[in-house]
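Here the structure is laid out as structure tokens; the discussion comes afterwards.
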Amino acid sequence: MIRYIGQRLLMMIPVILGISFIIFSIMNLTKGDPARLILGEGATLEAIEAKREELGLNDAFIVRYAKYIARVAIGDFGRSYRTDAPVSEEIFSRFPTTFYIAFLGILFATLFAVPVGVISAVKQYSAIDIITTVVAMLLTSMPGFFVGMLLILSFALMLRIFPATGIGTWRHFILPSLSVASVTMANFIRMTRSTMLEVIRQDYVRTARAKGASMRRVIFTHCLRNSLLPVVTVVGINFGVQLGGTIMIEAVFAIPGLGTYMINAIRQKDIPAVMGSVIFAAIVAGIINLAVDILYAYIDPRVKSHYERFTKRGRRNAQRS
């Protein structure tokens, strides 16, 4: 297992390099001079040229990219053009807020969607199944920021139960997390329902029923566990996406998270801030996907045996060489 984890971590390196190169190219090829944005429209040409030389903007494109990657390799994401503060400090100070919102949103969606999907599959074509399908379709058609505005209107302005904007207490995270949950809940419900229906039709489930096993035992022991792998995959992917995709949610609720930091950096062409945020989000998403793969081994013993065979085969190849 350790060998497999090490190889997966090494595989993340070319992925991160590819993402960083694409974002670096986009930020450097779009219109706008960072030196002029920093100094303002009233700056002289001499001052702008001096600032460009200071930032290394006069170097060739590939030279600037190589220097940036060399700094990132030692953990230096550079300094923000806007605030002159280290980008890494800005990211680490804002990431916990984004993490809490994404984690609570995925948690709420999972706790609601998985039981609903199971009930919908067990009661196929019933009134519950039809209502669940309609609700899932409605949630799919509504973007998260629209749901967030509806929640603010209902629970903050009308009922005055939760605060509308900012962060401070746990109550500030409820509405943003529900907005994130609405984006992923419909997908979780559909995935749970479809995988449960597929498992329910398997021969071993019919055999368990023929042997007199109770419906509860059949569902929770034989069906649910074997249908969790696709659901875990979707949950992990969506968690990684939401860590870098809560930009609109944070904007609606005026939350100073990583998404807000990233969008402000893009508007002002703060290249170090944008690059650092994207690379950090890519690393976290890769680690989450690796954690999901490891979780497979504890859900399905067949996956664990596959990892063990993979490790043994790698050891034999190493001994031969």
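Of all residues in the range 153-165, none are of a type outside the set (S, T, N, Q), assigned to a helix (DSSP H, G or I) and under 30 Å from ILE219 (Cβ atoms).
Do you know which residues across the range 242-264 are hydrophobic (A, V, I, L, M, F, W, C) and either more than 24 Å from THR165 (Cα to Cα) or surrounded by 17 or more Cβ atoms within 10 Å (Cβ to Cβ) (or both)?
Applying the first criterion (hydrophobic (A, V, I, L, M, F, W, C)) to the range 242-264 yields 243, 247-249, 251-255, 258, 262-263.
Selection gives LEU243, ILE247, MET248, ILE249, VAL252, PHE253, ILE255, LEU258, MET262.
Evaluate the range 178-194: report whether one residue or more is over 26 Å from PHE99 (Cα atoms), of a type outside the set (Gly, Ala, Ser) and touching a residue at least 40 places away in the same chain (Cβ under 8 Å). There is at least one residue in the range 178-194 that is over 26 Å from PHE99 (Cα atoms), of a type outside the set (Gly, Ala, Ser) and touching a residue at least 40 places away in the same chain (Cβ under 8 Å).
So in the range 62-109, with the set limited to residues that are more than 30 Å from GLY168 (Cβ to Cβ) and in contact (Cβ under 8 Å) with a residue 12 or more places away in the chain, which one is surrounded by the most Cβ atoms within 10 Å (Cβ to Cβ)?
Initial filter on the range 62-109 (more than 30 Å from GLY168 (Cβ to Cβ)): 62-76, 78.
Those left that are additionally in contact (Cβ under 8 Å) with a residue 12 or more places away in the chain: 64-65, 68-69, 72, 75-76, 78.
Details: ARG64: 17, TYR65: 18, TYR68: 21, ILE69: 16, VAL72: 19, GLY75: 7, ASP76: 15, GLY78: 19.
Step by step, filter the range 62-109, then rank; the result is TYR68.
Yes/no per residue for (1) small (Gly, Ala, Ser); (2) under 26 Å from the mean Cα position of the chain (by Cα); (3) more than 19 Å from PHE239 (Cβ to Cβ):
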residue: PHE112; (1), (2), (3): no, yes, no
residue: GLY117; (1), (2), (3): yes, yes, no
residue: TYR125; (1), (2), (3): no, no, yes
residue: THR133; (1), (2), (3): no, yes, yes
residue: THR140; (1), (2), (3): no, yes, no
residue: PRO143; (1), (2), (3): no, yes, no
residue: MET149; (1), (2), (3): no, yes, yes
residue: SER154; (1), (2), (3): yes, no, yes
residue: LEU157; (1), (2), (3): no, no, yes
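Look at (1) surrounded by fewer than 16 Cβ atoms within 10 Å (Cβ to Cβ); (2) of a type outside the set (A, V, I, L, M); (3) modelled with pLDDT under 85 and you find that PHE112 fails only one, number (3).
Evaluation of PRO176 against the conditions (1) crowded, with 18+ Cβ neighbours inside 10 Å; (2) outside any helix (DSSP H, G or I) shows that the sole unmet condition is (2).
The values are calculated or read from the model by the stated rules, or taken from the named source; none is laboratory data. All of these numbers come straight from a predicted model, not from anything done at the bench. Neighbour counts run over all protein chains shown; Cβ positions are idealised from the backbone, glycine included.
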